[in-house]
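Shown next, in structure tokens, is the structure this report addresses.
Every read-out reported here was derived from the displayed coordinates using simple, explicitly stated rules and does not represent laboratory data. Computed from a prediction, not measured in an experiment: that's the story for all the values here. FYI the Cβ positions are ideal-geometry reconstructions off the backbone, even for glycines, and counts take in every protein chain you see.
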């Protein structure tokens, strides 16, 4: 299979994961704002924990994609 095609497939999958995660975050905030404001870790609200998780996850997926793309370029 063509490496460019594989890279496009991987990037599409990673993009779908990020869009679904952020969409779920927004949907949860819109559907249940009270849940978002509940404290999870002491006084830190659920929204802050989820937002930080989304940011770290997006960065991790970007790093994983770079590793995959660079291995294929060799």
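Brief remarks on what is shown
- Degrees between helix 46-73 axis and first principal axis of the chain (Cα, 0 to 90, nearest 10): 0
- The C-alpha atoms of the chain define a longest principal axis, and helix 3-31 lies at about 10 degrees to it.
- Gained length - residue 55 relative to residue 40, 0.36 nm times residue gap less alpha-carbon distance: 3.6 nm
- Here the calculated FRET efficiency for residue 9 and residue 48, from their Cβ-Cβ distance with R0 = 30 Å, stands at 0.35, rounded to the nearest 0.05.
- Residue 70 versus residue 31: modelled label distance in nm, points set 7 Å from Cα along the beta carbon direction: 3.9
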